[in-house]
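Single-structure report; data block below.
The values are calculated or read from the model by the stated rules, or taken from the named source; none is laboratory data. From a predicted model like this one, the values you see are computed outputs, not experimental measurements. Here Cβ is always computed from backbone atoms with ideal geometry, including for glycine, and neighbour counts include all displayed protein chains. Ligands, DNA and RNA are excluded from the accessible area calculation, which covers all protein heavy atoms including side chains. Shrake-Rupley method; radii C 1.70, N 1.55, O 1.52, S 1.80 Å.
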Amino acid sequence: MRELWIAGNWKMYKTRAEARAWVAALIEHPQAATVHLMAFASATLLATVEETAKGRIWVGAQNLHPGREGAFTGELSARQLLDAGATAVLIGHSERRHLFHEDDELLQKKVRTALDSGLRPMYCIGETLAERQGGRTEEVLDRQLTRGLAGVGAEEWSRLWVAYEPVWAIGTGETATPAMAQAAHRFTRDRLQALGGEAAARVPILYGGSVKPENAGELLSQPDIEGVLVGGASLEAGSFAAIAAAGAERQKTS
Ligand code: PGA
């Protein structure tokens, strides 16, 4: 059966009680049993998610500092995130790139740190509206992939994911059409193959940007879309479970 990854990015939302209720509701949903579920949560929630999820949900952090430890007030190391229960981490989400000015060189260091420490990175890429309208989507994706994933070793590709999230589709209600998303995913896979051969071409590529229960099934039926990274529609457990159910349905028919 085709493996599918259904990931929620909670951003700066939820208290511990809310996180606990979400996880408890989600793991009760039998439809979600055949897909991989992931929750990328604030650091304050990681231990709660891990304890409540009973191994059913991958626990992800939303950011990390590339250093091992040190005088970096307000930052979190890979070791601390692992200790809190995370096994995965988002790197290069567009809000980090654009609101917090993280560039590909910094993100490459974060990917390196995550892989060295045993945290699995989900490396996010995506073009802005101006870049798409200027015909530069492929150039941007190529640059983000080549720089951010520089130095990933042959045996490390099986420990990461890539998320394609067009910036203009995040939190805007605008979704890339399935054909547009498929084209960007195909391009991403070809670039990954050029960077790391067959092992890199097998990296799961998730789509993100205004994914909802109504559009998840069609997106997930595209041949190069192996999952979705969901922001707004992941906050409510019922709507996230409906997206997971759409994924499970696609698995049966593919
Ligand atoms: P959205 O966010 O689903 O609310 O568009 C996606 C993301 O930021 O990962």
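Pairs needed: first member in segment 157-180, within 14 Å of Gly92 (Cβ to Cβ) and within 8 Å of the ligand (Cβ to nearest atom); second member anywhere, in a helix (DSSP H, G or I) and not hydroxyl-bearing (Ser, Thr, Tyr); C-beta distance under 9 Å; at least 6 residues apart or different chains.
Ile170/Glu95
Taking segment 169-203 on its own, how many of its residues are buried (at least 17 other Cβ atoms within 10 Å of the Cβ) and in a loop (DSSP other than H, G, I, E, B)?
4
Hey, could you check segment 27-51 for residues that are open to solvent by less than 50 Å² (accessible area, probe 1.4 Å), free of Cβ contacts under 8 Å to residues at least 40 places away in the same chain and touching a strand residue (DSSP E or B) at 6+ places or on another chain (Cβ under 8 Å) and say which is nearest to Arg120 (Cα to Cα)?
Top of the filtered list is Ala41.
Taking the residues in segment 226-239 that are surrounded by 24 or more Cβ atoms within 10 Å (Cβ to Cβ) and more than 8 Å from the ligand (Cβ to nearest atom) as candidates, determine which candidate is nearest to His36 (Cα to Cα).
Across segment 226-239, the extreme among qualifying residues is Gly227.
What residue, among those in segment 71-95 that are of a type in the set (Gly, Ala, Ser) and open to solvent by 60 Å² or more (accessible area, probe 1.4 Å), is nearest to Pro166 (Cα to Cα)?
Top of the filtered list is Gly74.
Just to verify a result, which residue in segment 1-17, among those that are under 24 Å from Gly209 (Cβ atoms) and not hydrophobic (A, V, I, L, M, F, W, C), is surrounded by the fewest Cβ atoms within 10 Å (Cβ to Cβ)?
Taking the candidates together, the pick is Glu3.
Only one residue in Arg96, Arg112 is of a type in the set (D, E, K, R) and within 16 Å of the ligand (Cβ to nearest atom). Which one?
Sole residue among the options that is of a type in the set (D, E, K, R) and within 16 Å of the ligand (Cβ to nearest atom): Arg96.
Which condition from (1) more than 25 Å from Glu226 (Cα to Cα); (2) open to solvent by 70 Å² or more (accessible area, probe 1.4 Å); (3) away from the ligand (no atom under 15 Å from the Cβ); (4) modelled with pLDDT of 95 or more is the one that Gln133 breaks?
(4)
Here are the criteria: (1) open to solvent by less than 40 Å² (accessible area, probe 1.4 Å); (2) within 18 Å of the chain's Cα centre (by Cα); (3) of a type in the set (A, V, I, L, M, F, W, C). Tell me which single one Ala245 does not satisfy.
(2)
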